[in-house]
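Structure first, then comments.
Taken together, the values in this text are just the output of simple stated rules run on the coordinates, not laboratory data. Being a predicted model, the structure only gives us computed values, none of them experimental. Note: ideal-geometry Cβ built from the backbone for every residue, glycine included; neighbour counts use all protein chains shown.
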Amino acid sequence: MSINEGSDSSLKTLRSAEAPRKPGAIGLEAAGMTMRFGSFTALDNVSIKVPAGSFHALLGENGAGKSTLVKCIMGFYHPTAGQIVIGGHEVAIDSPRDASALGLGMVYQHFTLVPSLTGAENLVISREHVPGVIDWSVERKALAAFMETMPFKLPLDVPVRSLAAGEKQKLEIVKQLYLGRNFLVLDEPTSVLTPGEASEVLGLVRGMTQRGEITVLMISHKFHEVTAFADEITVLRRGKLAGSGRVKDLTTRDMAGMMIGDVPLAALDSRLAVAPDAKPILSVKALSAPDRSGLKTIRIADLNVRSGEIVGIAGISGNGQKEFVEVLAGQRKKTAGDIRVKAAPYAATRGETRENNVRFIPEEPLQNACAPKMTVAENLAFRTFDVGQGGKPATWIDGRSIKKYAAHLVGAFKVKTASLASPISALSGGNVQRAVLARELTGEVDLLICSNPCFGLDFSAVAEIRARIMKARNAGAAVLLLSEDLDELLELSDRILVMSDGVLVYETPIATANVMTIGEHMAGHH
Amino acid sequence: MADTTPEALQGVVIVAPISTSWLELLARRSEAVVIPFGAFIVGMAIFSLFLLFLGKSPIDLVNLMVKGGFGNWFSIQNSLQRAAPLLLTALCVALPARLGLVVIGGEGAVVLGGVAAAAAAVPLLGAPYVVVIGAMAIAGMAAGGLWIGIVGALRHYRAVNETISSLLMAYIAIALMNHFVEGPLRDPASLNKPSTYPIGKDYMIGNIPGMDVHWGLVAGIVACIVSWVLIEKTAFGFAARIAGGNVRAAQIQGLAVGKLIVGFTALAGAFAGLAGMIEVGAVQGSANASLAAGYGYTGILVAFLARHNPLAIIPVAILLGGIDASGGLIQRRMDLPDATVLVLQGLLFIVILFSETLYGRFKLFNPDLWLRNRQ
């Protein structure tokens, strides 16, 4: 069954007006792809073969060249060298328009739909040729006929903003099919979905490849998705082809080896038992605060984090986790309730954070924990610049000891930077997060509050950051870890709580934690 | 906690080199000089096009500008005299800008500072010189500080846009000044130009010895140096730079962002208020409508050209003072309309704003693109 076999005549007209081409999956082969930016080689003689109807995974760390390769295929970049062959013919793809004429489409990590328009409106306006006056009754009929051919059922008449993340991602895929694309590039398509939504979407996509309707090239970080859904993989490392093969012939360990090479990953310390009499460090009671929209309220009835334990909070993005962290960090005012650190009231002033050794590792550290235009050395001094000899408040800035301190941290935490005088925004995401870790985890830490600390970071940075969090826990820090990544929570937490609609709705010790149960509570079934 | 303080790290092996090479430093620093200077040249070039359309010679313009602004000792002193209030009003823009605020209502602080200074001086007349001048300075700075401090407080506590509120507050300030000099504080002897009672010759701020320039120039230069030290060398200034760089990062560090914002805006207003006080004490002799001479607005241009660096404000203010001083000569000799200098200033400002988009675009100024990464 193909999308072009719809019986509705108006749909046929629409299709042929868009791009006349054969239905069904198409194969793609790229050979000797090289892309240089000045003296920097982002992609070095990489070849990839994606047969028609296959589900191919493209793996690699951040900066390995995955996006560069995909952008060359999609016509965003003009490769320095290399050929692309589609369906046995060499093709020239000079622009995204050429790519779409050849049936190539891309689904991005973040949604590209217009939130205030309905699904139907989004689909129609995405066409290359939209009539000046749209006859909606004809379009609706055409769409209904088109949706009949889809494995997804989606509400097309409500504004996109009211759809769940999984539905939005499905709509993104449907949009590509509606535009007549039969080779889809999916760029980390599940990073914003719950585990349930992710396997549903990928399962449906896999079904379509098996029926020969589309070919899929998926960029992914998640091995369990690759092993469950993909047929073949290609792995890039530092711009070069690091390996490829069929998924059933490879173990996760093999794939990880290709991705990171010989670099050993930081291993987690073994988990020390939480002392039965461990003191509660952070206790939150009857806290309420307005959320971002000001329409809803977050309410934390009772939460304790004891010394030496990691308490993980799971939840789909936008259920009040951000606001909760903002209250703890002093970025948002609470309307009621009680926050105590070591039994004393806590309002996140500089004195209180310092006295109680409270540290923060927020998500997207450049936006939340750094001053992007200040230098690496200055950013590393945020905790210490106002402390002078013997811990007394300092009036004057000591530039030399700031640099010395920064040099020490840069070395100890392996922050890659051209210079201590570089603006911190010149560093890669992983290195910004390493710099923030260096600042926050140096010295005694009694309470550590982390929010999606590994979001968007590469493999080795993730392993190192998790190892450091575990180390801090074993050294006696109370850790509150809010994360949208369930794997991360299961790996690190001693207890897991679920936040839904601004309320903590579920709690389980790690020993009895079950992904599906947690997922159901995340989705609001409790 | 002890081991997070820098001195506790003594004896620790330094892994990364801490010195910055002179070449890297030169590259990083020169961007903030070359781009504004280039923008200034481009602004002058566009203005030259205007002149060509009018059939005038741009070369004459440059010659007259140099002659009128810096051609001889008399014109240099004239330029310096005009630069004095610009130094202080530019600080009123530059200090809040370091905290990420765009305050454009320094004019309001100038006029209120002038009125407050005159009002403080009149009842004290007869007291020692130092007492009267001191009282005038305190009153002027307090009025200006209060005025712009309110702008900062509105921004932080009520999320009112500081650019709009400072501009509107400037209109209110000018209205208040008109009310005071035409009403409660009016000297009945000031007939066609309503003014406060004159402070009298004996209490006027004199000239720097050997120059025909009043002490306001020294006050302005000292204020710029003090501001630079405050921002670059003190913990308070460092905290302000963090808050200006990213307010969320500052909050996570527990810094009192509200106090920093109100403190910096109040200090900025105090400098502008001081400019008003000097205008009364050294030039006008009383507070009147001449206080609203646009120093607050020219200060915006000076601060932006100086990239909000208090030390760079000093040469830029003198340059703009020179352009201002040559204005009369240019108008007379080249037969140009009164608004000529204003048009030039406006053009320069637009080009400067455009040039903001150029930062980070030149590989030459960006050592991160040519230095090799190191661990």
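Points to keep in mind about this one:
- Per-residue Cβ neighbour counts within 10 Å put B:Met65, B:Met44 in the sequence B:Met44, B:Met65, beginning with the fewest.
- When you filter the GluC sites (Glu not before Pro) in segment A:53-157 for DSSP loop state and at most 16 other Cβ atoms inside 10 Å of their Cβ, you are left with A:Glu128.
- Only Lys, Arg, Asp and Glu carry charge here, each on its Cβ (+1 for the first two, -1 for the last two); on that basis chain A has a dipole of about 1200 debye about its Cα centre.
- Over all pairs of different C-alpha atoms in segment B:55-95, the reciprocal of the mean inverse distance, the Kirkwood hydrodynamic radius, equals 11.7 Å.
- Added length on full extension, which subtracts the Cα-Cα distance from 0.36 nm per residue, A:Lys373 to A:Glu128: 84.2 nm
- DSSP bridge orientation in the protein assembly as shown - percent antiparallel, rounded to nearest 5: 60 percent
- Taking the centroid of alpha carbons for each part, segment A:214-235 and segment B:30-93 are 63 Å apart.
- Options A:Cys370, A:Gln433, A:Val415, ranked by Cα towards positive dipole end of segment A:364-443, top entry (Cβ charges): A:Val415
- Label point 7 Å beyond Cα of B:Tyr171 along Cβ direction - residues of segment B:267-287 with amide nitrogen under 18 Å: none
- Pairwise inverse Cα distances across segment B:279-375, averaged and inverted, put the Kirkwood hydrodynamic radius at 16.5 Å.
- Inter-centroid distance (Cα atoms) of segment B:264-307 relative to segment B:158-221, Å: 8 Å
- The protein assembly as shown: Cα Rg divided by the 2.2 N^0.38 Å rule of thumb: 1.13
- Residues A:Asp291, A:Asp249, ranked from the fewest to the most other C-beta atoms within 10 Å, line up as A:Asp249, A:Asp291.
- Computed lengthening from B:Val229 to B:Leu52, 0.36 nm per intervening residue step minus Cα-Cα distance: 59.3 nm
- Under a 5 Å amide H cut-off, with hydrogens placed 1.01 Å from N, A:Thr417 pairs with B:Arg374 among residues at least 5 apart or on other chains.
- For segment A:364-443, the Stokes-Einstein estimate of translational diffusion at 4 °C and a viscosity of 1.567 mPa s comes to 103 µm²/s, using the Kirkwood hydrodynamic radius over alpha-carbon pairs.
- Neighbour-limited loop hits for chymotrypsin sites (Phe, Trp or Tyr not before Pro), segment B:290-364 (at most 10 other Cβ within 10 Å; DSSP other than H, G, I, E, B): none
- Counting only other chain Cβ atoms within 10 Å of each residue's Cβ, the peptide A:398-405 averages 5.
- Exposed loop sites here mean trypsin sites (Lys or Arg not before Pro) with a DSSP loop assignment and at most 14 other beta-carbon atoms within 10 Å; chain B contains its longest site-free run at B:1-360.
- Largest to smallest principal axis extent of the C-alpha atoms in segment B:86-226, angstrom: 46, 38, 25
- Nitroxide proxy distance, nm - points 7 Å out along Cα→Cβ at B:Asp335 and A:Gln389: 7.3 nm
- Among B:Leu217, A:Leu497, the order by Cβ neighbours within 10 angstrom, fewest to most, reads A:Leu497, B:Leu217.
- Note on B:Val130 and B:Lys193: the model spin-label points, each 7 Å out from Cα along the C-beta direction, lie 3.3 nm apart.
- Kirkwood estimate for chain B, i.e. one over the average of 1/r between Cα atoms, Å: 22.3 Å
- Whole-percent P(r), segment A:173-234, all Cα pairs, 10 Å bins from 0: 21, 60, 19, 0.
- Two-site label geometry, A:His526 and A:Ala228: point separation in nm, points 7 Å out along Cα→Cβ: 2.3 nm
- Cα-based helix-to-principal-axis angle, A:136-148 vs chain A, degrees rounded to 10: 80 degrees
- Cα gyration tensor of segment A:3-260 - equivalent ellipsoid semi-axes, whole Å, descending: 31, 21, 16
- Long-range amide H partners of A:Leu43 with built H, under 5 Å: A:Met35
- The protein assembly as shown - charge dipole about Cα centre, Lys and Arg +1 at Cβ, Asp and Glu -1, debye rounded to 20: 1180 debye
- Distance from segment A:46-117 to segment A:155-177 (C-alpha centre basis), Å: 22 Å
- Length gained when the stretch A:Lys471-A:Thr251 is fully extended (0.36 nm per residue, less Cα-Cα span): 76.3 nm
- Farthest positive-ward along segment A:303-414 dipole, Cα basis, beta-carbon charges - from A:Asn357, A:Ala343, A:Asn319: A:Asn357
- Applying both filters, DSSP loop and at most 11 other Cβ atoms within 10 Å, to the GluC sites (Glu not before Pro) of segment A:419-476 eliminates every site.
- Alpha carbon Rg of chain A, scaled by the compact-globule rule 2.2 N^0.38 Å: 1.07
- In this calculation the C-beta distance from A:Gln210 to A:Glu148 is compared with R0 = 25 Å, giving a FRET efficiency of 0.80.
- Considering only Cα atoms, the convex hull volume of segment B:116-178 works out to 78 Å³ per residue.
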